1. Explain nothing, just compute: Karplus ³J(HN,Hα) = 6.51 cos²θ - 1.76 cosθ + 1.60, θ = phi - 60°, for every residue of the stretch 335-346 in order, whole Hz, x for Gly and Pro.
2. Summing -39500 (n - 2.57) over the DSSP H runs of n ≥ 4 in the chain and dividing by its residue number, what mean residue ellipticity at 222 nm do you reach, to the nearest 500 deg cm²/dmol?
3. What is the extension gain from Thr29 to Asp403, computed as 0.36 nm multiplied by their sequence separation minus the C-alpha to C-alpha distance, in nm to one decimal?
4. Could you please tell me the mean projected area of the C-alpha convex hull for the chain, averaged over all directions and given in square nanometres to one decimal?
5. Could you tell me the distance between the Cα centroids of the stretch 291-364 and the stretch 52-95, to the nearest Å?
6. Assuming a strict under-23 Å limit between Cα atoms, what lysine pair count do you get for the stretch 7-205 once near-sequence pairs (fewer than 8 apart, same chain) are dropped?
7. What size of dipole, in debye to the nearest 20, comes out for the stretch 7-205 about its Cα centre when the only charges are +1 on Lys and Arg C-beta atoms and -1 on Asp and Glu C-beta atoms?
8. Which aspartates and glutamates does Lys434 reach when only Cα atoms under 13 Å apart count, and residues fewer than 8 places away in its own chain are ignored?
Amino acid sequence: MDTIENIELTFLTLDDFQELKEATLASYTHMPQAFWGREYLQRLIERFPEGQVVIKVNQQIAGGALSIIVDYESFDEHHTYQEITGDYTFDTHSDEGDVLYGIDIFIKPEFRGLRLGRRLYDYRKDLAERLNLRGVAFGGRIPEYHKYADTLTPKEYINKVKQTEIYDPVLNFQLSNDFHVAKVLKNYLEGDQESNEYAVLLEWDNIYYTKKRKVATVNKKVVRLGLVQWQMRHYKNLDELLSQVEYFVDAVSAYRSDFALFPELFSAPLMAENNHLSQPEALRELATHSAHILRRFSELAIAYNINIITGSMPEMHDERPYNVGYLCRRDGTTERYEKLHITPIERRVWGWEKGEQLKVFDTDCGKIGILICYDVEFPELSRLLALQGMELLFVPFLTDTQDGYSRVRNCARARAIENECYVAIAGSVGNLPKVHNMDTRYAQSMVFTPCDFAFPPNGIKAQATPNTEMILVADVDIHLLRELHRFGTVRNLEDRRTDIFDLKQIRKE
């Protein structure tokens, strides 16, 4: 091969017909009717010009890829090449379809080994993303199968190729380009004797695909988090505390945050007026404010157009106290979450009851989970949420000492890595000398990420100043998570050994 001076990927035109014909024949030496006639090519270019590309090396065609868009659900899963192309008319192409279907791809023999085929596949993937299609699909030939047809079924052959016991130049290449095997197609391409007329239906899923909606919605790619590092201080009454709440909601919403996260038991200063009571009795009195606080949070979520995670507050059920919080969405809806694990001192001093509800919450920014303080130290909970699609985990906490804070911080950091999600933690600082068991607080609110090339190397997106009243605002990119799930250096969710262990939620809502 001459010295390469130029490699160009460009749209196919009819002027390329004769050279394309020669390149196709050189690439498919064992295939009958290995090239498209001029009239077919013209029809294809007219209907979908973006789907027809060639790679030119030194101005010479080295390879090409032809594609159409189809309504994938309208085809039987065991379709043939003739059916998918509409008896070679391309009438099956539809601008309203949802899958980019590859009908041909080739590289001339003298240009193989330059990874030009990868460029063609990457173009198809980029096109599917740009056109918001579900993915890419095609029937892949298995040209080495005829050598094994007497001893192996197509399924057995494919498995041996996957396990690298057999080398198939076409299938191996396609698998290495992130395509997965969906089906074995029988009688797919008439005359393909090398493959015994079998093909492998290969698919690539577009992780950025969003289903078309008939209502106006915003698909959030970057989500802005507003964390409130709350100062424990004396308040004259509930109205004064709620005025401080609104101040922080106003502050984070001014930065157009999508979420505001408050700490666990942020309303504890109101217990000062009942400090003469026993601690369990003071907690029960604090619970009398919770319904009013929830109503105010819901009003603020609507007024400031922000989703609010209310931290937590006591709530009485059957005369027993539960540590609960609410997700107050900006559309006016609310949902409740509970603290599931109670620390020994919480049980002994306040008499908290354990919650039972664990669930993922749908929001306009994706699926989120919420775990209160101690709960984040139990990895099973966040893993169950991750398996339900959680992408953001919020952890309101309340810790008095640095070692208690370190447990929450380090466990939250681990949850971000092992579940491939973002984790935001927010706590309270300061002291309440007139409230029993609330004398000092230690906190540093933070946002954690997975550790991979697209994220901070130490897994810390943003962090507040320790023990200082402030807000922390940080942007997190949801699409980076979806790329991590598929293409990460390590894939903690995908590589779980479910053949030797399993995790299931026994009690549901």
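Taken together, the values in this text are just the output of simple stated rules run on the coordinates, not laboratory data. Please read all numbers here as calculations on a predicted model, not as lab measurements. Counting neighbours? That spans all protein chains shown, and the Cβs are built from the backbone with ideal geometry, glycine included.
1. Coupling constants for the stretch 335-346: 9, 9, 10, 10, 7, 8, 10, 10, 6, x, 6, 5 Hz.
2. -8000 deg cm²/dmol
3. Full extension from Thr29 to Asp403 adds 127.6 nm.
4. Orientation-averaged projected area of the Cα hull: 28.9 nm².
5. That distance is 53 Å.
6. Pairs that pass both the separation and distance tests number 18.
7. For the stretch 7-205, the charge dipole is close to 720 debye.
8. Partners found: Glu273.
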